[in-house]
Amino acid sequence: MSLELEPARTENRKMDTQTVEPGASGAAISVRNLFHAFPHASGAPMRVVNDVSFDIAPGQFVSIVGPSGCGKTTALNVISGLEQQQSGTISVLGKPPEAGRPEIAMAFARDALLPWRDATDNVALSLELQGVEKAERRARAAEMLKVVGLGDYLHAYRGQLSQGMRQRVALARALVTRPQLLLLDEPFAALDSQTRVLVQGELLRMLDAQEGPVTTVMVTHDLAEAIALSDVILLMSRRPGTIRETYRIDIPRPRDAVALRGNSHFNELHENIWQTLAEEVREV
Amino acid sequence: MSISTATPTKQLSAKSFGNSLPRWKSPLAIRILIIALILAAWELSANNGWVDPLFASRPTDVVQALGNILPTSQLWADAGYTLTEVAIGYVIGITLGVLIGVILGSSRILREACQPILNALNSVPRIALVPLFVAWLGLGMGPRILMAVTVVVFVMVTTVLTAMSQPDRDSMLLARSLGASRREQLVKFELPRAVPVVISGLELALIYSFLGVIAAEIVSGSNGLGSRMTYYANLFQADNFFAVLVVLTAFTTLLTAAIRRIEKRLLHWHKFEDR
Ligand SMILES: Nc1ncnc2c1ncn2[C@@H]1O[C@H](COP(=O)(O)OP(=O)(O)OP(=O)(O)O)[C@@H](O)[C@H]1O
Ligand SMILES: [Mg+2]
């Protein structure tokens, strides 16, 4: 059994960022020498992101893991344009970062559903801001909700939905615009561990249901989640965060997020990556 | 024992078991009981000479006075007069108040610049201005309406500012990530969130509109329910005075209930929210 896993282990060990996908020119996201600092409580600048570089190929699912406070959210927000870029070179789908681009969608740890809109209108919100006409956006929103198994809750309000349902609505809101790039910041963090695995499955199904390939960058604390969903995992060091390791996850697709748990290869990958992550976490 | 365990239990009982309570334990029954007790105490005090019925009247006399004045055209003319003033003052006041509130609420610099001015203006004892208002606008509806406006405006400005000063960080982040313009942020994210608070402000503003109008009526002029109350008070007709007060309270209560009903319709989503 250990023999069988030997090749996988070497293959998943420490790859140079360039080997993720040769040729940065065709990359969906290319980040070069990104630094970022925030004013510390004392007033002095505190470096949060430290010389981060990576490329992400179109259609790939990439997770960024690392200890709390290491700059994952900051890096993602700079890429999304929500946070002003301070240095380095970034190309996102061929353009510099800018918030609110229609071909990019985001989802966060908290669902941010608007309580005065029902599920359909919450999902339709992203289309509404893109100027999609009412009947069409409603139809597309309803369709998306059915994909995530909320066909019976089209007109439910936030207060009537469970956490897991709310997060599925939030993911539907992100994907209903048929984005080319999906940026996720701990999208499952608010869910209990069982619901989390179920909603991860929903996300994979939603991504499969999309017409074109969707590139996804997900920030997460949860290594198991990163392995279950990703093609590539970027492991960041503790603050100031830099990319310490890059792992390619060779589990074939389509994947079953639920069945994966307990799979021996999955466990092996988890153990392998956890060794390094634990070092970073422990030294915080 | 702690608050955190007490709260859900309370909600649970209010939501799912509220209908199975025995009838006499309903809020309405308790309310009627309290009112009955107060009226009984009042009646008893007057009958036993603990208070002078000439000045304090008594419930049975008030009912009788109501029976006398309700059919008079004079009362309805006064009521119509007062209600017109209240309505005009209310509409002008909330329009101005919401307008100013939204402008200040969406510009931080303006808000910081104007807040001290507003606070100072709001602390002016308005009732003292009535003679001045009369000098400007004569003895008709004018000064009363103006009075209502000066009170209602501040209620609404404060309400709107409070409502808008608690932006939801999550939905603002969402708005930016979805590329909402400043105007869309306001219209689709901030204002709807402000609506519940603003509606409760509308309710308060209605009561304040009555307050402003009646106060001005008491001080000046001879039309309207406030003037009528002054008239009866000066004649030591406490029965009639209280009868008019009952009519006035009935109007305020009815109109407030109407606003509550509209609120329920408009905020059908609000009952699902736990916060
Ligand atoms: N707007 C800000 N102003 C000042 N400091 C900030 C700001 N945002 C983040 N920081 C700091 O930057 C560091 C990195 O924050 P960031 O949110 O990127 O971490 P993270 O890796 O996403 O952590 P977590 O996993 O806990 O979400 C933290 O030390 C945080 O205190
Ligand atoms: Mg974070």
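The values are calculated or read from the model by the stated rules, or taken from the named source; none is laboratory data. Remember, it's a predicted structure, so these values are computed and weren't measured experimentally. Glycine gets a Cβ as well: all are built from the backbone with ideal geometry, and neighbour counts include every protein chain shown. Surface accessibility is based on the protein's heavy atoms, side chains included, excluding ligands, DNA and RNA. Shrake-Rupley method; radii C 1.70, N 1.55, O 1.52, S 1.80 Å.
So if I check each of A:Arg244, A:Arg255, A:Arg239, which one is open to solvent by 10 Å² or more (accessible area, probe 1.4 Å) and in a strand (DSSP E or B)? If you could, list the steps in order and put the result at the bottom.
On the way: A:Arg255 fails: in a strand (DSSP E or B); A:Arg239 fails: in a strand (DSSP E or B).
It is A:Arg244.
Checked against (1) within 13 Å of chain B (Cβ to nearest Cβ); (2) over 29 Å from A:Ile29 (Cα atoms), A:Asn122 meets all criteria but (2).
For the condition free of Cβ contacts under 8 Å to residues at least 40 places away in the same chain and either crowded, with 23+ Cβ neighbours inside 10 Å or within 26 Å of A:Thr177 (Cα to Cα) (or both), A:Glu225 does not qualify. Considering B:Ile88, B:Ile69, the condition of being within 19 Å of B:Val155 (Cα to Cα) and surrounded by 15 or more Cβ atoms within 10 Å (Cβ to Cβ) is satisfied by B:Ile88 alone. Against the list (1) more than 16 Å from ligand 2 (Cβ to nearest atom); (2) closer than 30 Å to A:Arg239 by Cα; (3) open to solvent by 30 Å² or more (accessible area, probe 1.4 Å); (4) of a type in the set (Val, Ile, Thr), the condition A:Ile104 fails is (3). Evaluated against (1) facing chain B (nearest Cβ under 9 Å); (2) assigned to a helix (DSSP H, G or I), A:Asp111 falls short on exactly one condition, (2). Applying the criterion of being more than 12 Å from chain B (Cβ to nearest Cβ) and open to solvent by 20 Å² or more (accessible area, probe 1.4 Å) to the residues of segment A:175-192, the residue that is farthest from ligand 1 (Cβ to nearest atom) is A:Arg178.
Selection of first residues in segment B:231-247 that are closer than 19 Å to B:Asp52 by Cα and of second residues that are among the small types (Gly, Ala, Ser), restricted to Cβ pairs under 6 Å at least 6 apart or on distinct chains, gives the following pairs, ordered by first then second residue: B:Ala238/B:Ser57; B:Asp239/B:Ser57; B:Asp239/B:Ala65; B:Asn240/B:Ala65; B:Phe241/B:Ala233; B:Phe242/B:Ser57; B:Ala243/B:Ala65. A:Val92 fulfils the conditions (1) more than 9 Å from chain B (Cβ to nearest Cβ); (2) on the phi > 0 side of the Ramachandran plot; (3) in contact with a strand residue (DSSP E or B) (Cβ under 9 Å, 6 or more places away or on another chain) except for a single criterion, (2).
Here are B:Arg182, B:Arg169, B:Arg176, B:Arg108: which of them is away from chain A (no Cβ under 14 Å), of a type in the set (D, E, K, R) and out of contact with any strand residue (DSSP E or B) (no Cβ under 8 Å at 6 or more places or on another chain)?
Details: B:Arg182 fails: away from chain A (no Cβ under 14 Å); B:Arg169 fails: away from chain A (no Cβ under 14 Å); B:Arg176 fails: away from chain A (no Cβ under 14 Å).
It is B:Arg108.
Within segment A:107-122, restricting attention to residues that are under 17 Å from the mean Cα position of the chain (by Cα) and either more than 16 Å from ligand 2 (Cβ to nearest atom) or among the charged types (D, E, K, R) (or both), the residue that is most open to solvent (accessible area, probe 1.4 Å) is A:Arg110.
From the list A:Ser53, A:Ser42, A:Ser80, pick out the single residue that is more than 9 Å from ligand 1 (Cβ to nearest atom), in contact (Cβ under 8 Å) with a residue 12 or more places away in the chain and open to solvent by 20 Å² or more (accessible area, probe 1.4 Å). Steps first, please.
Working: A:Ser42 fails: in contact (Cβ under 8 Å) with a residue 12 or more places away in the chain; A:Ser80 fails: open to solvent by 20 Å² or more (accessible area, probe 1.4 Å).
None of the other options fit; the residue is A:Ser53.
Screening A:Cys70 against (1) more than 16 Å from ligand 2 (Cβ to nearest atom); (2) touching a strand residue (DSSP E or B) at 6+ places or on another chain (Cβ under 8 Å) leaves a single unmet condition, (1). Take the conditions at negative phi and at pLDDT 95 or above and apply them to B:Ala148. Does it pass? It is true that B:Ala148 is at negative phi and at pLDDT 95 or above.
Determine whether segment A:121-135 contains at least one residue that is within 16 Å of ligand 1 (Cβ to nearest atom), of a type in the set (A, V, I, L, M, F, W, C) and in a helix (DSSP H, G or I).
Here is the first cut: in segment A:121-135, the residues within 16 Å of ligand 1 (Cβ to nearest atom) are none.
Checked against the condition, which is being within 16 Å of ligand 1 (Cβ to nearest atom), of a type in the set (A, V, I, L, M, F, W, C) and in a helix (DSSP H, G or I), segment A:121-135 yields no hits at all.
Among residues of segment A:210-237 being out of contact with any Pro (no Cβ under 6 Å at 6 or more places or on another chain) and of a type in the set (Val, Ile, Thr), the one that is nearest to A:Val258 (Cα to Cα) is A:Ile227.
Here the condition is being more than 14 Å from chain B (Cβ to nearest Cβ), at pLDDT below 95, closer than 26 Å to A:Gly71 by Cα and in a helix (DSSP H, G or I); of A:Glu225, A:Glu202, it holds for A:Glu225 alone.
So, B:Thr84, is that one modelled with pLDDT of 95 or more and among the hydroxyl-bearing types (Ser, Thr, Tyr) or not?
Spelling it out, B:Thr84 is indeed modelled with pLDDT of 95 or more and among the hydroxyl-bearing types (Ser, Thr, Tyr).
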